[in-house]
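For reference, the structure is listed below as structure tokens.
The values are calculated or read from the model by the stated rules, or taken from the named source; none is laboratory data. All values derive from a computational prediction rather than experimental measurement. Methodologically, a virtual Cβ is constructed for each residue, glycine included, from the backbone with ideal geometry; neighbour enumeration extends over all protein chains shown. Surface areas here come from the heavy atoms of the whole protein model, side chains and all, with no ligands, DNA or RNA. Shrake-Rupley method; radii C 1.70, N 1.55, O 1.52, S 1.80 Å.
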Amino acid sequence: MRCCHTWQKLSWKRCGKGSSGDRRGYGAVSRTERDIFIIPGKAGRMGEIKLLDCTLRDGGYINDWKFGHEHLSGIFGRLAAAGIDVIEAGFIDERRDFDRNRSIMPDAGCMQTIYGGTDRGHAMVVGMIDYGTCRLERIPPCRQSFLDGIRVIFKKPYRKQALRFCDGLK
């Protein structure tokens, strides 16, 4: 039996949000899902390690992403207050209807509705898309979005198409 990794691309384009260099540039490709990843440094310098928390997205596999709005904003706020570098706030999947009690939503704009009133501190806020479940039209340009980035997961046979999808993110 062969084990096939799900390839991922952390992708965000220059959006000029804040003064943090962490919120700019282009992300990295990793082979497996980890809670720690590396953001490339500038001009060939070593990248720095950042802590990513995926509770609001990965935890949804247990409860069908139904945390309840109060718990979603409470968890988000505590992660930001704890100084987590990157908060993965949920899945973007256009096949799902919007429900403010769930961390899976049909478009990126729903993130603002769910988490917009919660202090994000200095955290970078990202959403995840499983390639093929969301069209680019559902993702506004970074400057117009609550999100600082999008993580796109994809299976190796679809990597070329998925990387073109990532290139289309603005």
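Quick rundown of the values:
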quantity: Listed peptides 152-163, 65-76 by packing density, highest first (mean Cβ within 10 Å); calculated: 65-76, 152-163
quantity: Karplus-derived HN-Hα couplings along segment 138-148 (A = 6.51, B = -1.76, C = 1.60, θ = phi - 60°), whole Hz, x at Gly and Pro; calculated: 7, 10, x, x, 3, 4, 9, 10, 5, 7, 8
quantity: Cα gyration tensor, segment 64-170 - rounded (a/c under 1.5), prolate or oblate; calculated: prolate
quantity: Among Gly68, Gly132, Cys110 - extreme Cα towards positive end, dipole of segment 40-170, charges at beta-carbon; calculated: Gly132
quantity: Leu51 long-range amide H proximity, modeled H, under 5 Å; calculated: Asp85, Val86
quantity: With every protein chain in place, segment 130-170: carbon and sulfur % of accessible area (1.4 Å); calculated: 48
quantity: Residue-level accessible surface for Leu136, protein heavy atoms, 1.4 Å, Å²; calculated: 60
quantity: For segment 159-165, 3J(HN,Hα) per residue [Karplus equation, 6.51 cos²θ - 1.76 cosθ + 1.60, θ = phi - 60°, Hz, x = Gly/Pro]; calculated: 4, 5, 5, 5, 5, 5, 4
quantity: Protection-proxy order for peptides 53-61, 85-93, each taking the mean of Cβ atoms within 10 Å per residue, highest first; calculated: 85-93, 53-61
